Amino acid sequence: MSTDDLTRLSACNVVDLLARGEISPIDLLDAAEARIAVTDGVLNALPPPCFDRARAHAAIGSPPR
């Protein structure tokens, strides 16, 4: 599944894919980062992202703080 496909799914669909092990939290972070890179230059609507910290938390399975 492409990163573009992941950003177009509903939250329920994403949860189902995660539960079945078809995608990982890192896949979701990659999709979000790619989508933000494409859109935020025009929108300028987000604070600076912390993808490195989010990936570190996803790797150990704890929620970011």
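Overview of results
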| item | result |
| --- | --- |
| Some residue of region 17-26 being in a helix (DSSP H, G or I), in contact with an Asp or Glu (Cβ under 7 Å, 6 or more places away or on another chain) and either surrounded by 10 or more Cβ atoms within 10 Å (Cβ to Cβ) or at pLDDT 80 or above (or both) | no |
| Region 42-56 - residue that is assigned to a helix (DSSP H, G or I) and not aromatic (Phe, Trp, Tyr) and, of those, least open to solvent (accessible area, probe 1.4 Å) | Ala54 |
| Of all residues making up region 6-26, the number that are among the charged types (D, E, K, R) and touching a residue at least 12 places away in the same chain (Cβ under 8 Å) | 1 |
| Of residues in region 27-41 being surrounded by 10 or more Cβ atoms within 10 Å (Cβ to Cβ) and among the small types (Gly, Ala, Ser), the one farthest from Ala11 (Cα to Cα) | Ala37 |
| Qualifying residue in region 27-41 (condition: more than 17 Å from Leu6 (Cα to Cα), in a helix (DSSP H, G or I), free of Cβ contacts under 8 Å to residues at least 12 places away in the same chain and not small (Gly, Ala, Ser)) | yes |
| Number of the condition not met by Leu9 [criteria: (1) at pLDDT below 85; (2) surrounded by 10 or more Cβ atoms within 10 Å (Cβ to Cβ)] | (1) |
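The values are calculated or read from the model by the stated rules, or taken from the named source; none is laboratory data. As the structure is a prediction and not an experimental result, all values here were calculated from the model. Glycine gets a Cβ as well: all are built from the backbone with ideal geometry, and neighbour counts include every protein chain shown. Surface areas here come from the heavy atoms of the whole protein model, side chains and all, with no ligands, DNA or RNA. Shrake-Rupley method; radii C 1.70, N 1.55, O 1.52, S 1.80 Å.
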